[in-house]
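Here is the structure we will look at.
The values are calculated or read from the model by the stated rules, or taken from the named source; none is laboratory data. Keep in mind that this is a model prediction, so the values were computed, not measured. Note that each Cβ is placed from the backbone with ideal geometry, even for glycine, and that neighbours are counted across all protein chains shown. Protein only, heavy atoms only, side chains kept; ligands, DNA and RNA dropped before computing areas. Shrake-Rupley method; radii C 1.70, N 1.55, O 1.52, S 1.80 Å.
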2 protein chains.
Amino acid sequence: MSHLGPLRRGVCAALLGQLLRPPRAVCIRALGCHSQVAQAVLTSQLKPHQEKPNFIIKVPKGTRDLSPQQMVVREKILDKIISCFKRHGAKGLDTPAFELTEMLTEKYEDNFGLMYDLKDQGGELLSLRYDLTVPFARYLAMNKLKNMKRYQVGKVWRRESPAIVQGRYREFCQCDFDIAGEFDPMIPDAECLKIMCEILSALQLGDFLIKVNDRRVVDGMFDVCGVPESKFRTICTSMDKLDKMSWEDVRYEMVAQKGLTPEVADRIGEYVQCHGGISLVEEMSKDPRLSQSPRALQGLGDLKLLYDYLSLFGIAEKISFDLSLARGLDYYTGVIYEAVLLQPPGQAGEEALNVGSVAAGGRYDSLVAQFDPKGHNVPCVGLSIGVERIFYLVERKMKASGKKVRTTETQVFVATPQKNFLRERLKLIAELWDAGIKAEMLYKNNPKLLAQLHYCEKADIPLMVIIGEQEQNEGVVKLRTVASREEVTVNRENLVAEIQKRLSES
Amino acid sequence: MSHLGPLRRGVCAALLGQLLRPPRAVCIRALGCHSQVAQAVLTSQLKPHQEKPNFIIKVPKGTRDLSPQQMVVREKILDKIISCFKRHGAKGLDTPAFELTEMLTEKYEDNFGLMYDLKDQGGELLSLRYDLTVPFARYLAMNKLKNMKRYQVGKVWRRESPAIVQGRYREFCQCDFDIAGEFDPMIPDAECLKIMCEILSALQLGDFLIKVNDRRVVDGMFDVCGVPESKFRTICTSMDKLDKMSWEDVRYEMVAQKGLTPEVADRIGEYVQCHGGISLVEEMSKDPRLSQSPRALQGLGDLKLLYDYLSLFGIAEKISFDLSLARGLDYYTGVIYEAVLLQPPGQAGEEALNVGSVAAGGRYDSLVAQFDPKGHNVPCVGLSIGVERIFYLVERKMKASGKKVRTTETQVFVATPQKNFLRERLKLIAELWDAGIKAEMLYKNNPKLLAQLHYCEKADIPLMVIIGEQEQNEGVVKLRTVASREEVTVNRENLVAEIQKRLSES
């Protein structure tokens, strides 16, 4: 599931400042660098060993490299997410980075212009995927699968317009879990919410809340408030902005730009203030206006059932029925949800953080049919975890804790205090590698011992094997525990066994 | 490192047949489907629940989905490769899928036209990355890093022209390991070859050989044979085709298309037949013609040193000095290498397979300087593993073995033989999930017991928890070992502990 489009908003200024600063990058942009002419000039400057004073080296706007430190954090987060998906029986899937453009059209309504199109190079019209949901639906239809529980982790690309790009990446990673198939109501939907709770708890991001609504309730509300059916989707898009805009601004957009009468907008305005638990669901079922809408009642009925299942899962208190939740993506047809963090993780005294939504999803029962030539359908429900935001929070927390992050897993460093011991080091390290031990040495013929110790300490390598002339003659090596500086002499032929013993103990 | 461009050739017809058939896909292509007009027509047909008789659902040419079965195989292979990279102390890195086009120009010589360009959408000119090597060099220069040992696993994209696209994917995964920095000669280079050996051995692909040469030997050979310096790179590209074309055809290209005199081509023809071990290196050092070239002698000197280190690593017998090896990528400056499988893995009686190169790499000492405004340089050496080919071989081997591949890791299935037991199942499964146990159940209010048993057996789930009215009343559940059909009764409150005990034993 992708679901994270419209909710990648509401990032506060503190976060923006961080995100806008590419890590360790030279990013001053040369004026006019991006015209075809300028590019040709740059190209001609790209000869080796030649001064290139106007050449600015950078990554594309809205993208970034992940340094080894960041990769470690990223991998820890992804591990937790993927292991939760697997705990719930999901299978892996991979789809191409781009799809035929025609596969993506009409799936994203107002957001279609945000897709990255590829140049037509004499073949097909292609676009980079905008989420993982539409490719999943395409996969189901193409392979005529009637049910599937799958997860997918991968990059997606959205060319956010410069005005609103602040704090968002144009290339970002999504972690999606979806359940496709014809099942009894609300059972898979409840599992999706359970998964969101499990992941957010496992990541220790502090307290969180999951807002829940239903597209049928939203549409029913529009209906009874007097919104013409043709404006449902565009009014829904406006409503989705409530987490970053005030009701007054959203109301203005609805009336001045989208042509609602002030009375209709005000009726909506009353509903979007409502949020609560199961009792609000009951209350809304009896609401004089809303109860006139059969589809709203259907949605409310399902929400009641959902709450029942969520109680059995022990997570009902994490769920808030919120009539302002709209979700911007066009393909939702039933229950929708969005998880928000309630307080910043980490130490007291840190500045408060509002990172907005960190996970979201919903039910989309008609998307697969849009791909099937005969309109055969597969109902689906799923969720998407907003890794970039979580990544930012976890990275920030780790930095605050001052804990050093190891970027390698090297267990043993092979050193020598003497000159002309390269061959012995090479032989020894190959033995370690062949035994599966993670080992490094300096790529120098005659490295200084201090340089070797320094490397070892800097990289936090726990063990050091030292071989010198005397050891060589006696058929031994020294094995040093770097932290304690303790050294023991080990028989050369027992070295691998001794190292393995120590590593298994630690 | 990328290095896998030109060696993704030489795939035999048997392999081609397999690769050209997208897995479980409808891929008949509608005529004219890809014009702008045709696309508009298709788009208008994309309404839900409407017959779309001309709508062909497919993935872009040269790409494919990876099914859950394929993902399992892929992950096993990547795990082995990445764990080897980590064993050698490499750090992880990630770079964007696309780069500024200007960052990629002049890096790939003849292959530049194979890049996927994005549409200029009012911003920068962007292209999908063609390999992981150039982004790595860009990263080093941008961050002014003087040394780094990194691995990167990711997709790259090459728009191979239709004529030669057979059997190649346009989107494929690369696994690169590179050592950047100023070090003593041939030590990191030897480690790269050691890594290739370790990975190919770990993957159990059968016997293999690594062809080694040096760009300075290639250039020196061209020089003493009488090739004009301006034609070195283009003649090198021709020579690189020797693994899929005969010498006669390559010679024809050199003479008829690239303007070499027949005499010059014939002199090259003598050299490219030579391959052997360290003794051939010695022999070539004394070759009357070749020894006239100082750069050839430099290269041969380094190859001697390399052989010495490879002997210490115990892999010299896997290495073949091969004067026909050219490597197509433009950025190599020193030692180059390419691993080929010598015999098909798997059972006797299987058809013989020539999958060509499965790994390759080399030294590129001038690439980083091309990115640095002041021409500061960082010498690099690295390797790239050709995962797609290895993937094909391992998948084929697994299919031949008839071994069933589990696509989920589910440990426990929660079942009931009775109606109206959904709530009890939900409560129970949530307990299992919260204890970290991988569990599934059917999303039905009243599933048939047979359907539940069937699901469990089909998915190879080892344990089944059964809860019914009697068990509920007695405060117990039944725990069934699916394979043996053995059932025991367990106290409800001991269930998690009992399951964990069994899982830790198995």
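Sorted from shortest to longest, the distances between the A:K286 label points of this copy and the other copies are 10.5 nm, with each point 7 Å from Cα along the line through the beta carbon.
At what distance in angstrom do the alpha carbon centres of the range B:170-234 and the range A:267-345 lie from each other? About 60 Å separates the Cα centre of the range B:170-234 from the one of the range A:267-345.
Between the beta carbons of A:S201 and B:Y252, assuming R0 = 45 Å, the FRET efficiency works out to 0.10 to the nearest 0.05. Beyond 30 Å in Cα-Cα separation lie the following of the pairs B:K155/B:K458; B:K404/B:K478; A:K448/B:K80; A:K149/B:K404: B:K155/B:K458; A:K448/B:K80.
Each Lys and Arg Cβ is given +1 and each Asp and Glu Cβ -1; about its Cα centre, the range B:72-223 then shows a dipole of about 600 debye.
In this structure, the amide hydrogen of A:L126, modeled 1.01 Å from its nitrogen in the peptide plane, lies closer than 5 angstrom to those of A:T101, A:L118, counting only residues at least 5 positions away or on a different chain. When Rg and Dmax are taken over the Cα atoms of the range A:84-148, they come to 13.8, 45 Å.
Label-point distances for B:K374 to the equivalent site in the other copies, using a point 7 angstrom along Cα→C-beta, read 6.9 nm when ranked shortest first.
Classification of the range B:410-484 by its C-alpha gyration tensor yields a rounded form. The axis ratio a/c (a ≥ b ≥ c) stays under 1.5.
If amide hydrogens are placed 1.01 Å from N in the peptide plane, which non-local residues have theirs closer than 5 Å to the one on B:G436? The list, which skips near neighbours in sequence, is empty: none.
Taken over the C-alpha atoms, the range B:271-332 has Rg and Dmax values of 12.0, 33 angstrom. Per-residue 3J(HN,Hα) values for the range B:212-227, derived from phi via the Karplus relation 6.51 cos²θ - 1.76 cosθ + 1.60 with θ = phi - 60°, read 10, 8, 9, 4, 5, 5, 4, 5, x, 4, 4, 4, 6, 7, x, 7 Hz in sequence order (x marks Gly and Pro). Karplus-derived 3J(HN,Hα) values for the range A:386-402, using 6.51 cos²θ - 1.76 cosθ + 1.60 with θ = phi - 60°, are x, 5, 4, 5, 4, 4, 4, 5, 5, 4, 4, 5, 5, 4, 4, 6, x Hz; glycine and proline are entered as x.
Separation of the range A:70-146 from the range A:408-447 is 43 Å, based on Cα centroids.
Legend: residues B:D178, A:D94, sorted from most to least accessible area (1.4 Å probe; ligands, DNA and RNA excluded), read A:D94, B:D178.
Computed from backbone phi, the HN-Hα couplings of the range A:323-340 come to 6, 8, 6, 10, 6, x, 6, 6, 8, 6, 10, x, 4, 10, 8, 7, 9, 10 Hz, rounded to whole numbers (Karplus: 6.51 cos²θ - 1.76 cosθ + 1.60, θ = phi - 60°; Gly and Pro given as x). With its label point put 7 Å out from Cα toward Cβ, B:A483 sits 3.9 nm from the same residue's point in the other copies, in order from shortest. For the range A:137-231, a Kirkwood radius taken over Cα pairs fed into Stokes-Einstein (10 °C, viscosity 1.306 mPa s) yields D = 92 µm²/s. Legend: P(r) of the range A:355-506 from all alpha carbon pair distances, 10 Å bins from 0, whole percents, reading 9, 28, 19, 11, 12, 11, 8, 2, 0. Summarising the strand pairing of the range A:340-488, around 70 percent of its internal DSSP beta bridges are antiparallel.
From the alpha carbon centroid of the range A:453-506 to that of the range B:462-496 is 51 Å. Between B:C175 and B:I385, B:V387, the built amide H atoms are under 5 Å apart, and every one of these is 5 or more places off in sequence or on another chain.
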